[in-house]
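The values are calculated or read from the model by the stated rules, or taken from the named source; none is laboratory data. The structure displayed is predicted, hence computed values, not measured ones. So basically every Cβ, Gly included, is an ideal-geometry build from the backbone, and we count neighbours across all protein chains shown. Calculation scope for accessible area: heavy atoms of the full protein, side chains included, ligands and nucleic acids excluded. Shrake-Rupley method; radii C 1.70, N 1.55, O 1.52, S 1.80 Å.
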Number of protein chains: 2
Amino acid sequence: MELRADARHNRERILDAAREAFATRGLDVPMAAVARRAGVGVATLYRRFPSRESLITEVFGDELATCASVVDEALADPDPWRGFRVMVEKVCAMQVADRGFTEAFLTAFPEAVDFERTRARAERGLAEVVARAKAAGRLRADFAPADLVLLLKANCGAATGSPEEAAAASRRLVAYLLQSFRAEHAEPLPPAPPLTLGHLHATATR
Amino acid sequence: MELRADARHNRERILDAAREAFATRGLDVPMAAVARRAGVGVATLYRRFPSRESLITEVFGDELATCASVVDEALADPDPWRGFRVMVEKVCAMQVADRGFTEAFLTAFPEAVDFERTRARAERGLAEVVARAKAAGRLRADFAPADLVLLLKANCGAATGSPEEAAAASRRLVAYLLQSFRAEHAEPLPPAPPLTLGHLHATATR
DNA sequence: CGCTAAACGGATGGGGTCGTCCATTTACGC
DNA sequence: GCGTAAATGGACGACCCCATCCGTTTAGCG
């Protein structure tokens, strides 16, 4: 059913406010703060988005799509290794730029249908990127797709402090890790953690 | 002045309870939960440890000392690289085993005199370990002491989920990073983040 | 054994967030 | 204009945590 004009307007203001609040203060920001920032009552916020999760899902729908498109770009790159590398760098940069995005990405919401679908697509794409980079002999053979999760979680931990510090730390960590992901001079590794992208649900919930 | 026998007894129970609670639930565990676990009233807890920080300081005094001794072991190893590597592996394992320790280590408390002194000593020791490993030609020349902070923060982020998952993830991450810390085949890196161990105060406070 | 100071712990007030309820306001079809 | 249903937002009760207060209990000395 159609929303009334004022309702539609307020919905947009809420989404904008939530986007900004999540980016700077993380997903734990009080609902009341989002409402205040949107110039709206708390009830309006709750009527439009019955749960915090539904708000988050809506807000990060776009960014998740961006994420998926980054995977597609990686697949389109004629150089498999460069595709892999750039993909990793971009996603990590996104993680650093938007604190809320990081949390949303790591926490995940099984209920959010959109999330599920987009994520499944991203997961297939990722496996493909990894496989191509290995086939080209540039990515070490014992690299596990779960190592990407490892990288994201590590990046999340490294990217604390002021935005400048976070960006610098992330760049350096990513550079270090990309180097050890390369096939040349690879040394033996302990077994991969039993994580799949799907396991992210359980992990970072706290 | 001397504590009465029952008071001393309760103090021990509180410290035990706090150690366990911090290890499993992190430093944010409610004071009341610690008191309950210790079989003690909240007031007793607050009388003995006026602030949460004082409790934390007391609880992690030992573990910090352990940390310092790990640095000493590294310095005592005739093989500088092995000393470095084992030191990193041990500290990261400690981080994984005790969630509270991680937070305490990263959060730090400028007021806690003991912390300050022990940490300053550890910091000097670390610089020495790094210098020796570089001099031996095993650690890459552009390795910055701040990279150890980077490693710890990354490890903290990676070590989420069940204890088994956390341990596996940490081991693998450390293996990856140690490999890229080696002098051989080192590739250019982006500049080191401007972090010193001292900067840890500001960073992970949330 | 009895007394007193030390220690105890439950109750309490203050602050904060969550999510709902309801009296009031507003859009918009007629 | 006007009436109605949709939309609004502040107030409210429930819950949780912190930290203190105070009436009660207990250790340990003489």
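Tabulated data for the structure shown
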{"item": "Filter result for B:GLY26 (on the phi > 0 side of the Ramachandran plot and not aliphatic (A, V, I, L, M))", "result": "yes"}
{"item": "Residue identified as within 10 Å of DNA strand C (Cβ to nearest atom) and either within 14 Å of chain B (Cβ to nearest Cβ) or not acidic (Asp, Glu) (or both) among A:PRO80, A:PRO50", "result": "A:PRO50"}
{"item": "Selection status of B:ARG140, over 17 Å from B:ALA74 (Cα atoms) and at pLDDT below 95", "result": "no"}
{"item": "Scope region A:158-175; condition surrounded by fewer than 24 Cβ atoms within 10 Å (Cβ to Cβ) and facing chain B (nearest Cβ under 7 Å); matching residues", "result": "A:THR160, A:GLY161, A:GLU165, A:ALA168, A:ARG171, A:ARG172, A:ALA175"}
{"item": "Among (1) out of contact with any helix residue (DSSP H, G or I) (no Cβ under 7 Å at 6 or more places or on another chain); (2) away from DNA strand C (no atom under 14 Å from the Cβ); (3) not assigned by TED's automatic domain parsing to the domain that holds B:ASN155 - the single one B:GLU103 does not satisfy", "result": "(3)"}
{"item": "Helices (runs of 4 or more DSSP H) completely within region B:1-114 that count 1 or more residues being open to solvent by less than 10 Å² (accessible area, probe 1.4 Å) and within 16 Å of DNA strand D (Cβ to nearest atom)", "result": "B:5-25, B:31-38, B:42-48, B:52-76, B:99-107"}
{"item": "Flag for B:GLU128 being within 14 Å of chain A (Cβ to nearest Cβ) and either of a type outside the set (Ser, Thr, Tyr) or free of Cβ contacts under 8 Å to residues at least 12 places away in the same chain (or both)", "result": "no"}
